[in-house]
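S.K.: Below is one structure. I have some questions about it.
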Amino acid sequence: MKKYTNTGSKDTRSGFGDGLTELGKTNPNVVALCADLTGSLKMDEFKKNHPERFFQIGIAEANMIGIAAGLTIGGKIPFTGTFANFSTGRVYDQIRQSVAYSDKNVKICASHAGITLGEDGATHQILEDIGLMKMLPGMTVINTCDYNQTKAATLAIAEHHGPVYLRFGRPKVANFTPENQKFEIGKAVQLTEGSDVTIVATGHLVWEALQAAETLEAEGVSAEVINIHTIKPLDEEAILNSVAKTGCIVTAEEHNYLGGLGESVARTLTLHQPTPQEFVATNDTFGESGTPAQLMEKYGLNAASIVKSAKKVISRK
């Protein structure tokens, strides 16, 4: 099985910040808007280098989305930045009416997603944002796994016309995908080949899926790991080709099992190739305060849970 190396843990929000900084130099139409969280979203360099293209809106997220939608009319490519909870739940009406309905070219960039936000607790740990965004017609939904992929995705969405939801996180996580990679929206990345079980993962759970695959290999189980960085549009072909070989699948995500990647995969399987599936996700619950590691352990969002689910789904074949 192909092995992956952590080249140094980095936070995915820094991947966004560095990607935005690069866009500031190469694309004069890119503008940035922030809701009083410039440091947290790593937008300081863009602000310093391009003050005339940076707009500090303050704690007024609905206004930020409305301004961003308006800026697209003049040909600008606005990137909005705030926490995932405020990027979606607080401003859903504005996103639906002012961005999605009229197909505005707004890039909604959301940090601090999921329970790995940690000590800030349930009020900030949104676990339903992927579901909210993927149900909007025309919305592209991306959830990246590490620093390198987040930077690449930030660059790629500037070239994509239409509304995008880009989701990333706060903690430092393994950085293992290639530097300067080409990011293809809607194209899954197969990380390992396997014959016994398919594991499709998104976001922080991709590294956990790779660790699970190594554990399974040591026990004689061959796991195929696929990185689903784009949840909508979903790479159905990659999923169906894989389960045609393995006959079963585990989906892994830092999100409620209702409305997330797992449900999108389940729909694909139901329509095209019914296959046993197990979900690694939060079980219709809010989060709580704790360190990211403690919470991932308590809510079963780690390699050990993926291994357990893989063994269970193999037994259902």
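The values are calculated or read from the model by the stated rules, or taken from the named source; none is laboratory data. Note that the structure is a prediction, hence the values are computed from the model and not measured. Please note: Cβ atoms are built from the backbone with ideal geometry, for glycine as well, and neighbour counts cover all protein chains shown.
S.K.: Would the range 31-44 turn up any residue that is assigned to a strand (DSSP E or B), free of Cβ contacts under 8 Å to residues at least 24 places away in the same chain, closer than 29 Å to Gly118 by Cα and not hydrophobic (A, V, I, L, M, F, W, C)? Before you say what the answer is, go through the steps one by one.
M.R.: First, pick out the residues of the range 31-44 that are assigned to a strand (DSSP E or B): 31-34.
Imposing the further condition that a residue be free of Cβ contacts under 8 Å to residues at least 24 places away in the same chain reduces the set to none.
No, the range 31-44 contains no residue that is assigned to a strand (DSSP E or B), free of Cβ contacts under 8 Å to residues at least 24 places away in the same chain, closer than 29 Å to Gly118 by Cα and not hydrophobic (A, V, I, L, M, F, W, C).
S.K.: A further question follows. Could you tell me how many of the residues in the range 218-245 are among the hydroxyl-bearing types (Ser, Thr, Tyr) and crowded, with 21+ Cβ neighbours inside 10 Å?
M.R.: 2
S.K.: Please go through the range 84-115 and pick out each residue that is in contact with a strand residue (DSSP E or B) (Cβ under 6 Å, 6 or more places away or on another chain) and charged (D, E, K, R).
M.R.: The one that is in contact with a strand residue (DSSP E or B) (Cβ under 6 Å, 6 or more places away or on another chain) and charged (D, E, K, R): Lys107.
S.K.: When you check Gly15 against the structure, is it more than 28 Å from His204 (Cα to Cα) and outside the structural domain of Val197 (by TED's automatic domain parsing), yes or no?
M.R.: no
S.K.: Could you check how many residues of the range 155-189 are charged (D, E, K, R) and in a loop (DSSP other than H, G, I, E, B)?
M.R.: Filtering the range 155-189 for residues charged (D, E, K, R) gives 159, 167, 170, 172, 179, 182, 184, 187.
Next cut, in a loop (DSSP other than H, G, I, E, B) only: 170, 179, 182, 184, 187.
Of the residues in that region, 5 qualify.
S.K.: Of all residues in the range 125-154 being charged (D, E, K, R) and assigned to a loop (DSSP other than H, G, I, E, B), which is farthest from the chain's Cα centre (by Cα)?
M.R.: By that ranking, first place goes to Glu128.
S.K.: Among the residues of the range 192-204, which ones are crowded, with 24+ Cβ neighbours inside 10 Å and in a loop (DSSP other than H, G, I, E, B)?
M.R.: Of the range 192-204, the ones crowded, with 24+ Cβ neighbours inside 10 Å are 197-204.
Passing the criteria: Thr202, Gly203, His204.
S.K.: Considering the range 117-131 alone, what residues qualify as being at pLDDT below 95 and surrounded by 20 or more Cβ atoms within 10 Å (Cβ to Cβ)?
M.R.: Scanning the range 117-131 gives Leu117, Gly118.
S.K.: Looking at (1) touching a Ser or Thr at 6+ places or on another chain (Cβ under 7 Å); (2) under 30 Å from Ala84 (Cα atoms); (3) surrounded by 23 or more Cβ atoms within 10 Å (Cβ to Cβ), which one does Tyr299 not meet, given that it meets all the others?
M.R.: Checking Tyr299 against (1) touching a Ser or Thr at 6+ places or on another chain (Cβ under 7 Å); (2) under 30 Å from Ala84 (Cα atoms); (3) surrounded by 23 or more Cβ atoms within 10 Å (Cβ to Cβ), the one that fails is (3).
S.K.: Kindly state which helices (runs of 4 or more DSSP H) lie completely within the range 210-317 and contain at least 2 residues that are over 28 Å from His112 (Cα atoms) and in contact with a Cys (Cβ under 8 Å, 6 or more places away or on another chain).
M.R.: Those helices (runs of 4 or more DSSP H) span 303-315.
S.K.: Mind checking whether some residue in the range 89-106 is in contact (Cβ under 8 Å) with a residue 60 or more places away in the chain, under 21 Å from Arg170 (Cβ atoms) and part of a helix (DSSP H, G or I)?
M.R.: So far as the range 89-106 goes, no, none of its residues is in contact (Cβ under 8 Å) with a residue 60 or more places away in the chain, under 21 Å from Arg170 (Cβ atoms) and part of a helix (DSSP H, G or I).
S.K.: Inside the range 1-30, can you point out the residues that are in a loop (DSSP other than H, G, I, E, B) and within 18 Å of Ser111 (Cα to Cα)?
M.R.: Ser9, the sole residue that qualifies.
S.K.: Given the criterion in the same structural domain as Ile59 (by TED's automatic domain parsing) and either surrounded by fewer than 23 Cβ atoms within 10 Å (Cβ to Cβ) or at pLDDT below 95 (or both), identify the matching residue among Ile77, Ile142, Ile95, Ile108. Before the answer, list the steps.
M.R.: Numbers: Ile142 fails: either surrounded by fewer than 23 Cβ atoms within 10 Å (Cβ to Cβ) or at pLDDT below 95 (or both); Ile95 fails: either surrounded by fewer than 23 Cβ atoms within 10 Å (Cβ to Cβ) or at pLDDT below 95 (or both); Ile108 fails: either surrounded by fewer than 23 Cβ atoms within 10 Å (Cβ to Cβ) or at pLDDT below 95 (or both).
Testing whether each residue is in the same structural domain as Ile59 (by TED's automatic domain parsing) and either surrounded by fewer than 23 Cβ atoms within 10 Å (Cβ to Cβ) or at pLDDT below 95 (or both) leaves just Ile77.
S.K.: Could you please give the count of residues in the range 178-206 that are within 30 Å of Phe86 (Cβ to Cβ), touching a strand residue (DSSP E or B) at 6+ places or on another chain (Cβ under 8 Å) and free of Cβ contacts under 8 Å to residues at least 60 places away in the same chain?
M.R.: So the count comes out to 6.
S.K.: A further question follows. Looking at Thr215, is it closer than 30 Å to Asp103 by Cα, modelled with pLDDT of 95 or more and either buried (at least 17 other Cβ atoms within 10 Å of the Cβ) or of a type in the set (S, T, N, Q) (or both)? Break it down stepwise before answering.
M.R.: Numbers: closer than 30 Å to Asp103 by Cα: no; modelled with pLDDT of 95 or more: yes; either buried (at least 17 other Cβ atoms within 10 Å of the Cβ) or of a type in the set (S, T, N, Q) (or both): yes.
It is false that Thr215 is closer than 30 Å to Asp103 by Cα, modelled with pLDDT of 95 or more and either buried (at least 17 other Cβ atoms within 10 Å of the Cβ) or of a type in the set (S, T, N, Q) (or both).
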